[in-house]
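Asks: What follows is a single structure, and I will ask about it in a moment.
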C-alpha cells in the first residue's frame, strides 16, 4: 500500500554522513514536531536527478524554508558516502542527504520499484512530500519525468 495524504510517516532507520562516517538517524527524529519537505530520487548522480530534480531544490531552498519548512531532505537508495558526495557535488548544503541503502524506507512507504532490468536493483520511485509532525500533508509521485515531485510543485502545495 502506498503512503497517502493523512498517513503517518513510518518508523525507519536511514543513514547520513557524520563526522566519523555514516550514522543512523530515525525517521521519527527527522519528522517529529517539524514541517519537513522530503524528496526522493531513484539514484544519486543519475542524469534526471542531477540535472533537474536536485538543482530545483537547491535553487528554491530559501523559498521553501521561508514558507515555514524546518527541514528539506533528499533520500535515495544509495549509501551515505554516495549521498554525501552527491550533496557536495550539487552544492546542496541546505538539504539533508539521507541514505536508504537497502530500500527499507521506500518499501515501507510503498514507493519502491524494481529496476533490476536496467541493472539498478530495487530503487525508490521519484516523489516529494510535505509532512507536518510526521503526517503527510501532500505527496506527488512521478511515473516519468520530474513534474509532480519538483521543487515548484512543492512550493505550489506549501
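Quick note: the coordinates plus some simple rules give every number you see, no bench work behind them. Note that the structure is predicted; figures quoted are calculated from it, not measured. All Cβ positions, glycine included, derive from the backbone under ideal geometry; neighbour counts span all protein chains shown.
Asks: How would you rank 144, 8, going from fewest to most other Cβ atoms within 10 Å of each one's own Cβ?
Replies: The fewest-first ordering by Cβ neighbours comes to 144, 8.
Asks: Once region 1-90 is represented by equal point scatterers at the alpha-carbon sites, with solvent omitted, what log10 I(q)/I(0) does the Debye formula produce at q = 0.13, 0.17, 0.25, 0.26 Å⁻¹?
Replies: For the requested q values the scattering log ratios are -0.48, -0.84, -1.44, -1.44.
Asks: While we're here: For the chain, what's the relative contact order in percent, using C-alpha pairs closer than 8 Å and at least 6 residues apart?
Replies: It comes to 31 percent, rounded to a whole number.
Asks: What is the distance in Å between the Cα centroid of region 87-135 and that of region 5-33?
Replies: First find each Cα centre; the distance between them is then 12 Å.
Asks: Rank these for me by crowding, 65, 98, going from fewest to most other beta carbons within 10 Å.
Replies: Lowest count first: 65, 98.
Asks: Rounded to the nearest 0.05, what FRET efficiency do residue 20 and residue 45 give with R0 = 30 Å and r taken as the Cβ-Cβ distance? Could you check? Present the calculation step by step, with values, prior to reporting the outcome.
Replies: On the way: r = 24 Å, r/R0 = 0.80.
In this case the efficiency is close to 0.80.
Asks: Give the value in nm², to one decimal: projected area of the alpha carbon convex hull of the chain, averaged over all directions.
Replies: 8.3 nm²
Asks: Please give the contour-minus-distance gain from residue 137 to residue 88: 0.36 nm per residue of separation, less the Cα-Cα distance, rounded to one decimal in nm.
Replies: Result: 14.7 nm gained on full extension.
Asks: Something else about it: Can you give the Rg to Rh ratio of region 82-150, both from alpha-carbon atoms, with Rh computed by the Kirkwood formula? Let's see the in-between values first.
Replies: Values: Rg = 13.3 Å, Rh = 13.6 Å.
Value, to two decimals: 0.97.
Asks: In what sequence do 49, 74 fall when counting other Cβ within 10 Å, fewest first?
Replies: So the ranking, lowest neighbour count to highest, is 49, 74.
Asks: Taking the Cα atoms of region 43-128, report the difference between the largest and smallest coordinate on each principal axis, in whole Å and largest first.
Replies: Projected onto the principal axes, the Cα atoms of region 43-128 cover 40, 25, 21 Å.
Asks: To continue, here is another question. Quickly work out the residue 156-to-residue 2 label distance, labels modelled 7 Å from Cα along the C-beta direction, and quote it in nm with one decimal.
Replies: 1.7 nm
Asks: OK, next. Summing -39500 (n - 2.57) over the DSSP H runs of n ≥ 4 in the chain and dividing by its residue number, what mean residue ellipticity at 222 nm do you reach, to the nearest 500 deg cm²/dmol? Walk me through the numbers on the way to the answer.
Replies: Working: 5 runs with 40 residues, N = 158.
Per the formula, -7000 deg cm²/dmol.
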